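Asker: Before I ask anything, let me first share the structure, which is written out below as structure tokens.
The values are calculated or read from the model by the stated rules, or taken from the named source; none is laboratory data. Quantities reported herein were computed from a predicted structural model and do not represent experimental measurements. All Cβ positions, even for glycine, are placed from backbone atoms using ideal geometry, and neighbour counts span all protein chains on display.
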Amino acid sequence: MAKVTSMRTRSLAALVVGAALAFSSLASPAGFAALTPAHAPLAAYALAASTSESASGLIARVVLPAGVGCPSLDVMMPAKQGSKKVRKAMQERKAGATTLNAFSTLLVCEAPIPKGARAASIAGRSIPAFIPRNIDSIALFGDSGCRLKGTEVQACNDSAQWPLARIAQSIVRDKPDVTIFLGDFFYREESCPTANSAICGGSPAPLPEAPFTDSAWGWVADVLTPMGPLLSATPLVVVRGNHEQCSRGGNGFYLMFDPAFGTSRSCAPAAGVAPTVYSPTRAVDLSIKGGRGLRLVNVDSANGSDNTIDDTIAASLRPLYERAHNLAKASDEAWLLTHRPLSGVLSNQYLPVPQGESTTWTSVTQAYASYGLLDPFSLSLSSHVHIAQAVQIPGQPGELILGNGGTELDPTTAYPIPPYGPLTNASGQPLAPERGTLPTAQSLQTWVTFGYAMAAPAATGWTIALNDVRGEAFATCRLKGRQITCA
């Protein structure tokens with residue numbers, strides 16, 4: 001992939017990097033306030049939620065510098081003559097006390113957006129007030145953060161090497177009605193090594209005494225700054241990724257992006273240990289152009305095992321997939337949203353040709369936990385593997401993996417169709433004889449390039465454009481029934 005950056009892109013990158021470097025020096029609420037006027041949001045957005053949480057299906061969130069107090073949510077509601085402005089109080093969403101000072105420089109506030117609202121804003125920042133009817137475009141992407149862990153040091157200060165801000169801008173230009181984020185916001189799990197300061201300087205070190213790796217500044221740098229314009233542009237359907245496990249970026253995720261009230265302390269350590277948490281399976285209903293209904297069913301696969309079956313995790317996941325099956329069965333059309341793929345394939349360069357009991361299929365614990373429960377779904381959407389990949393297993397829903405949203409990409413070659421199917425090892429033996437196996441892939445296509453996808457309803461099924469950083473399509477997939485084909 002050519003690393004060509006336009007003057008406009010360089011200016012945008014400079015702005016993002018400059019903001020990130022400025023935020024990196026902030027160690028107190030006063031530091032944040034010096035850069036941001038009182039009540040000026042660092043980010044404001046609307047999360048798609050179940051109607052049991054908010055009658056409108058949306059929760060308003062805002063992230064501000066600490067020490068300023070929650071602003072109001074201003075909405076325009078229908079009146080007998082035109083509209084009237086209504087001011088709603090927002091409540092603080094607090095991190096757990098055992099997260100120490102990791103999030104003390106941020107203030108997060110929330111409120112349900114009232115049903116029937118026509119417009120909404122927080123401290124002058126407009127956010128979506130409703131989920132549009134007659135949806136004709138959905139943006140899809142995942143795995144967005146800048147990777148800093150061990151010897152893997154991504155060039156966070158280079159918009160060609162870490163293009164999240166450019167991807168976010170391209171999605172905003174495409175004006176989707178809804179955006180689905182498929183997990184893994186947070187990748188700055190270590191400070192930038194001194195030897196690499198020119199390419200990732202300003203990245204924070206996790207608190208040395210904390211059993212997790214995220215912090216307020218880490219989320220500002222990895223998410224809120226580069227994704228800011230996108231966060232305010234469309235309703236967000238958010239999936240939790242493995243980088244949002246409680247031992248990694250889970251505290252920031254539950255503080256800012258979990259789409260439910262009362263969950264902000266879910267990952268708070270107990271007795272110095274990060275808990276293992278599974279969010280309940282949730283559904284969001286969309287009205288699609290042409291009078292169709294689409295149910296998005298979100299299964300939390302943050303906890304998992306990729307290349308072997310973990311019986312303990314599978315036992316916790318199985319009820320989540322059973323709930324997903326029941327929710328999907330009650331809908332006209334359903335997509336499964338889950339971070340870890342059900343049948344993704346790793347590069348042979350990344351994982352050597354398997355021997356003995358191993359397998360090149362990834363996330364086999366998910367395939368095991370979901371076995372026999374996927375009939376109501378037409379499509380499975382995931383990320384986790386840092387590529388774009390389309391997989392069709394006979395008898396299964398089409399699968400689209402979109403882990404190319406900015407995080408350092410996986411190897412560029414060697415993604416052959418394994419001669420054996422998921423839940424089978426390289427020797428042809430079942431990994432779980434008590435449950436069964438799946439046939440080998442009917443088709444598998446892989447693209448190793450940064451980007452995102454745009455899904456649009458077609459006369460029968462869906463057309464899904466796989467776009468590069470600039471918003472130009474490098475492949476087009478079609479979903480008809482439960483079959484996905486790409487060219």
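Asker: Find the residue count for the stretch 172-209, including only residues that are closer than 26 Å to G304 by Cα, part of a loop (DSSP other than H, G, I, E, B) and modelled with pLDDT of 95 or more.
Answerer: Within the stretch 172-209, residues that are closer than 26 Å to G304 by Cα, part of a loop (DSSP other than H, G, I, E, B) and modelled with pLDDT of 95 or more number 6.
Asker: Exactly one condition in (1) part of a loop (DSSP other than H, G, I, E, B); (2) modelled with pLDDT under 95 is false for P114; which is it?
Answerer: Result: P114 fails condition (2) only.
Asker: Between S279, S305, which is of a type outside the set (A, V, I, L, M, F, W, C) and in contact with a Lys or Arg (Cβ under 7 Å, 6 or more places away or on another chain)? First the steps, then the outcome.
Answerer: Working: S305 fails: in contact with a Lys or Arg (Cβ under 7 Å, 6 or more places away or on another chain).
None of the other options fit; the residue is S279.
Asker: Given Q392, Q483, which one is in contact (Cβ under 8 Å) with a residue 60 or more places away in the chain and within 23 Å of the chain's Cα centre (by Cα)? So that I can check it myself, show each step before the final result.
Answerer: Values: Q483 fails: within 23 Å of the chain's Cα centre (by Cα).
Sole residue among the options that is in contact (Cβ under 8 Å) with a residue 60 or more places away in the chain and within 23 Å of the chain's Cα centre (by Cα): Q392.
Asker: When the stretch 249-264 is examined, which residues are found to be closer than 17 Å to E53 by Cα and in a loop (DSSP other than H, G, I, E, B)?
Answerer: Of all residues in the stretch 249-264, those closer than 17 Å to E53 by Cα come to 254-264.
Residues satisfying the conditions are F257, D258, P259, A260, F261, G262, T263, S264.
Asker: I've got another one for you. Among the residues of the stretch 241-248, is any assigned to a strand (DSSP E or B) and either surrounded by 23 or more Cβ atoms within 10 Å (Cβ to Cβ) or not basic (K, R) (or both)? Even if it seems obvious, please write down each step before you answer.
Answerer: If we filter the stretch 241-248 for residues that are assigned to a strand (DSSP E or B), which is where we start, we get none.
Checked the stretch 241-248: no residue is assigned to a strand (DSSP E or B) and either surrounded by 23 or more Cβ atoms within 10 Å (Cβ to Cβ) or not basic (K, R) (or both).
Asker: A further question on this structure: Counting just the residues of the stretch 281-321 that are in contact with a strand residue (DSSP E or B) (Cβ under 9 Å, 6 or more places away or on another chain) and in a loop (DSSP other than H, G, I, E, B), which one comes out surrounded by the fewest Cβ atoms within 10 Å (Cβ to Cβ)? Break it down into steps so the answer makes sense when it comes.
Answerer: Of the residues in the stretch 281-321, the ones in contact with a strand residue (DSSP E or B) (Cβ under 9 Å, 6 or more places away or on another chain) are 281-290, 292-301, 306-307, 317, 320-321.
So of that shortlist, the ones also in a loop (DSSP other than H, G, I, E, B) come out as 281, 289-290, 300-301, 306-307.
Values: T281: 21, K289: 14, G290: 11, D300: 25, S301: 29, D306: 20, N307: 18.
Going through the qualifying residues, I end up with G290.
To keep it simple, each residue is scored yes or no on (1) within 17 Å of the chain's Cα centre (by Cα); (2) not β-branched (V, I, T).
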site	(1), (2)
G124	no, yes
I131	no, no
I135	no, no
A139	yes, yes
R147	yes, yes
E152	no, yes
R166	yes, yes
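Okay, residues lined up against (1) assigned to a loop (DSSP other than H, G, I, E, B); (2) modelled with pLDDT under 95:
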position	(1), (2)
A40	yes, yes
Y45	no, no
E53	yes, no
I59	no, no
V62	no, no
G67	yes, yes
M76	no, no
N101	yes, yes
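Asker: What do you reckon, is G405 under 25 Å from L479 (Cβ atoms) and surrounded by fewer than 16 Cβ atoms within 10 Å (Cβ to Cβ)? Don't jump to the end; show me each part of the working.
Answerer: Numbers: under 25 Å from L479 (Cβ atoms): yes; surrounded by fewer than 16 Cβ atoms within 10 Å (Cβ to Cβ): no.
Taking the combined requirement at face value, the residue does not satisfy it.
Asker: Is there a residue being surrounded by 19 or more Cβ atoms within 10 Å (Cβ to Cβ), of a type in the set (G, A, S) and part of a loop (DSSP other than H, G, I, E, B) anywhere in the stretch 448-456? Explain how you work it out, then say what you get.
Answerer: Keep residues of the stretch 448-456 that are surrounded by 19 or more Cβ atoms within 10 Å (Cβ to Cβ), which gives 450-455.
Right, trim to of a type in the set (G, A, S) and you get 451, 453, 455.
After this cut, where a residue has to be part of a loop (DSSP other than H, G, I, E, B) as well, the list is 451.
Within the stretch 448-456, one or more residues are surrounded by 19 or more Cβ atoms within 10 Å (Cβ to Cβ), of a type in the set (G, A, S) and part of a loop (DSSP other than H, G, I, E, B).
Asker: Please find, within the stretch 135-171, the residue that is farthest from W219 (Cα to Cα) out of those that are surrounded by fewer than 19 Cβ atoms within 10 Å (Cβ to Cβ) and at pLDDT 95 or above. Let's see the steps before the verdict.
Answerer: Keep residues of the stretch 135-171 that are surrounded by fewer than 19 Cβ atoms within 10 Å (Cβ to Cβ), which gives 136-137, 149-152, 155, 158, 160-161.
Next cut, at pLDDT 95 or above only: 136-137, 155, 158, 160-161.
Numbers: D136: 31, S137: 28, A155: 17, D158: 18, A160: 21, Q161: 19 Å.
Out of the qualifying residues, it is D136.
Asker: Listed residues T362, T338, T413; which is within 30 Å of I199 (Cβ to Cβ) and either small (G, A, S) or buried (at least 19 other Cβ atoms within 10 Å of the Cβ) (or both)? Don't jump to the end; show me each part of the working.
Answerer: Details: T338 fails: within 30 Å of I199 (Cβ to Cβ); T413 fails: either small (G, A, S) or buried (at least 19 other Cβ atoms within 10 Å of the Cβ) (or both).
Being within 30 Å of I199 (Cβ to Cβ) and either small (G, A, S) or buried (at least 19 other Cβ atoms within 10 Å of the Cβ) (or both) holds for just one of T362, T338, T413, which is T362.
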